[in-house]
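Enquirer: Here it is, the structure in full.
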Amino acid sequence: MDALDAAGNPVGVVSRREMRARRLPHRSTYILVLDARGDLFVHLRTATKDVYPSHWDPCAGGVLTSGEDFAVGAARELAEELGVDAPLEELFPFRWQDAFNVVHGMAYRAVHDGPFRLQPDEVVRGEFLPLEMVEERARWEPFCPDGLAVVREYRSRLSERCQ
């Protein structure tokens, strides 16, 4: 995968292990998968994930391979994690930094009602939640903080459109 400078430009190619160990900036995709009613698909990550194990994730997606385009990576991740092919709508660039990650990302939306073929190495189970219930549920269950930030930004942009 590509290691990035502070501006998001590739400066080298590293392994995933090295990227995690050195907390190197990298590119990633975040895909909000909504059903026809507008409910959001959330999934429980496996206990073996290298970041946020056993957390609920409101986004499909993941780290891009070296040189991979965001849209190509998002489609690949959607197919790998959930086993579906659906049109992707680019939403907004997304930056995230915490103790585990420094991410230069892109958020997308896909509409798909299922069924899904969940990748057993990454996903334990999943379910649809009303969008407004995601934050509430995160009060008592562990959710990926970067995914929650994507949901907040998405909801903020939706409410701006409605005004």
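The values are calculated or read from the model by the stated rules, or taken from the named source; none is laboratory data. On a predicted model such as this, the values are computed, not experimentally measured, just so you know. Note that each Cβ is placed from the backbone with ideal geometry, even for glycine, and that neighbours are counted across all protein chains shown.
Enquirer: Looking at (1) in contact (Cβ under 8 Å) with a residue 12 or more places away in the chain; (2) under 16 Å from Val124 (Cβ atoms); (3) of a type outside the set (A, V, I, L, M, F, W, C), can you tell me which one Ser15 breaks?
Expert: (2)
Enquirer: Tell me, which helices (runs of 4 or more DSSP H) wholly within the stretch 50-163 include 2 or more residues that are out of contact with any Lys or Arg (no Cβ under 7 Å at 6 or more places or on another chain) and under 29 Å from Ser15 (Cα atoms)?
Expert: On the way: elements: 70-82, 133-137, 145-162.
Output list reads 70-82, 145-162.
Enquirer: Quick test for you: out of Ala36, Ala47, Ala3, Ala21, pick the one residue that is surrounded by fewer than 21 Cβ atoms within 10 Å (Cβ to Cβ) and under 11 Å from His104 (Cα atoms). Talk me through it step by step, then tell me what you get.
Expert: Details: Ala36 fails: under 11 Å from His104 (Cα atoms); Ala47 fails: under 11 Å from His104 (Cα atoms); Ala21 fails: under 11 Å from His104 (Cα atoms).
Step by step, each of Ala36, Ala47, Ala3, Ala21 is checked, and only Ala3 is surrounded by fewer than 21 Cβ atoms within 10 Å (Cβ to Cβ) and under 11 Å from His104 (Cα atoms).
Enquirer: crowded, with 17+ Cβ neighbours inside 10 Å and in contact with a Ser or Thr (Cβ under 7 Å, 6 or more places away or on another chain): does that describe Glu77?
Expert: Numbers: crowded, with 17+ Cβ neighbours inside 10 Å: yes; in contact with a Ser or Thr (Cβ under 7 Å, 6 or more places away or on another chain): yes.
So Glu77 passes the test.
Enquirer: Let me ask another. Take the residues in the stretch 1-54 that are among the polar types (S, T, N, Q) and within 21 Å of Arg95 (Cβ to Cβ); name whichever of them is modelled with the highest pLDDT. Steps first, answer last, please.
Expert: Applying the first criterion (among the polar types (S, T, N, Q)) to the stretch 1-54 yields 9, 15, 28-29, 46, 48, 54.
Next, only the ones that are within 21 Å of Arg95 (Cβ to Cβ) stay: 9, 28-29.
Working: Asn9: 81, Ser28: 95, Thr29: 98.
Only one residue fits best here, namely Thr29.
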